[in-house]
Amino acid sequence: MSVAGKFENQQVLVVGATGGLGHAIARYLKREGAGLVLSGRNEDKLNASAQELGAGWLSSDLSSSAGRAQLADAVGMLDGVVFAAGVAPVAPVRYLKDSDLDACLNVNTVAPLLLARDLLKKKKLKAGASMVWISSVASSQGAAGYAAYAASKAALEAAARCLALELAPKGIRVNCIAPGMIETDMADAAAERISGDALEAHLKAYPLGAGRPADVASAASFLLSAESRWITGAILPVDGGFSIN
Amino acid sequence: MSLEKFIENFEEAVEDIEPGSLTAETAYRELEAWDSLAVLTVIAMVDAEYNVRLKADALKSCETLEALFALVSSRSES
């Protein structure tokens with residue numbers, strides 16, 4: 001359950017705040033008292049979210065170094081960063097397009113890593129800050145058609161473990177959440193290439209049934225908060241038991 | 001952009017289809033090899049070869065390969 005004031009006087013940057021997961025996480029953190037800065041590519045949606053949540057916002061393209069630098073310059077000192085932006089091209093490798101693979105690795109892996117670099121260089125992360133990167137069950141479970149996406153998320157997790165070690169002396173923590181299929185924009189987008197029947201069959205592999213964005217948001221809240229102060233470099237599955245087998 | 005080439009691409013995309021075994025009249029959704037991976041693969045093939053992004057629903061709306069080709073052609077020109 002959420003606790004008002006859990007993040008009192010804390011500033012959290014939520015990247016990918018216009019996506020289904022990012023928006024749910026921002027809402028959840030707001031309820032728990034966090035001050036928010038929202039980042040995303042869709043300016044109209046971002047503005048609407050920021051109005052709703054009384055948050056600061058900056059629309060920037062984090063796949064470009066200029067966009068990342070702009071965001072890192074604009075934010076104040078941060079207690080937390082959530083990276084929830086992502087793209088999921090679905091294609092068997094023999095029909096994988098160069099541009100889709102590039103975009104996938106760039107948005108899912110390169111952007112969070114280089115944004116972290118820019119925030120660190122500009123000393124925008126407080127001692128004791130927490131970073132949470134949204135990964136996926138795909139990082140550890142093979143699925144036909146998901147080579148690009150799975151590779152981008154596995155690389156993200158590997159980078160998180162290394163960064164966690166680098167930042168431990170400063171008390172800054174880095175963790176990933178590996179959600180299963182959640183009813184959000186990205187799941188919808190993936191579903192465009194997957195028949196409804198196949199999606200239904202896939203959901204049967206979740207012992208606790210389908211997940212909701214709030215299920216991931218509460219996990220993000222935990223990993224951002226001092227409640228998880230002794231957890232770093234971890235990959236937390238939030239998948240209704242999908243990865244048990 | 002020809003129907004013949006499209007059928008050839010389709011045969012190549014879907015596993016276990018003999019080259020030259022399909023025609024314009026083939027009801028592709030009734031093929032034994034037509035499963036969820038075939039759906040995903042044909043969508044990806046159409047994207048890669050014709051730069052047209054189809055949805056899974058679109059594949060359900062056509063009966064024959066000729067109809068599917070017509071759909072892809074119409075999207076490709078627009």
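Here are the numbers:
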item	result
Sole residue being within 14 Å of another protein chain (Cβ to nearest Cβ) and either outside any strand (DSSP E or B) or closer than 30 Å to residue A:5 by Cα (or both), chosen from A:178, A:155, A:148, A:219	A:148
Residue match in the stretch A:54-66 (condition: more than 26 Å from residue A:161 (Cα to Cα), open to solvent by less than 20 Å² (accessible area, probe 1.4 Å), outside any helix (DSSP H, G or I) and within 14 Å of chain B (Cβ to nearest Cβ))	no
Pairs, first free of Cβ contacts under 8 Å to residues at least 40 places away in the same chain in the stretch A:221-245, second open to solvent by less than 20 Å² (accessible area, probe 1.4 Å), C-beta under 8 Å, six or more apart	A:222/A:228; A:241/A:206
Any hit, the stretch B:3-13, residues being among the aliphatic types (A, V, I, L, M), in contact (Cβ under 8 Å) with a residue 40 or more places away in the chain and more than 24 Å from residue A:142 (Cα to Cα)	yes
Filtered residue count, the stretch A:97-132, keeping only those that are more than 14 Å from chain B (Cβ to nearest Cβ), in a helix (DSSP H, G or I) and under 17 Å from the mean Cα position of the chain (by Cα)	14
Residue check for residue A:214: in contact with a Leu (Cβ under 7 Å, 6 or more places away or on another chain), over 26 Å from residue A:100 (Cβ atoms) and either open to solvent by 20 Å² or more (accessible area, probe 1.4 Å) or within 14 Å of chain B (Cβ to nearest Cβ) (or both)	no
Top-ranked residue in the stretch A:182-192 [being modelled with pLDDT of 70 or more and open to solvent by 20 Å² or more (accessible area, probe 1.4 Å); ranked as farthest from the other protein chains (Cβ to nearest Cβ)]	A:183
Some residue of the stretch A:6-19 being in contact with a Ser or Thr (Cβ under 9 Å, 6 or more places away or on another chain), hydroxyl-bearing (Ser, Thr, Tyr) and surrounded by 20 or more Cβ atoms within 10 Å (Cβ to Cβ)	yes
Matching entry among B:42, B:72 (being touching a residue at least 60 places away in the same chain (Cβ under 8 Å) and open to solvent by less than 30 Å² (accessible area, probe 1.4 Å))	B:72
Matching entry among B:65, B:37, B:54 (being open to solvent by less than 10 Å² (accessible area, probe 1.4 Å), within 14 Å of chain A (Cβ to nearest Cβ) and out of contact with any Gly (no Cβ under 6 Å at 6 or more places or on another chain))	B:54
Condition check for residue B:26: open to solvent by less than 40 Å² (accessible area, probe 1.4 Å), within 10 Å of chain A (Cβ to nearest Cβ) and within 15 Å of residue B:8 (Cα to Cα)	no
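The values are calculated or read from the model by the stated rules, or taken from the named source; none is laboratory data. Everything numeric here is computed off the predicted structure, so don't read it as measured data. Note: ideal-geometry Cβ built from the backbone for every residue, glycine included; neighbour counts use all protein chains shown. Keep in mind that these areas ignore ligands, DNA and RNA; they rest on the heavy atoms of the full protein, side chains included. Shrake-Rupley method; radii C 1.70, N 1.55, O 1.52, S 1.80 Å.
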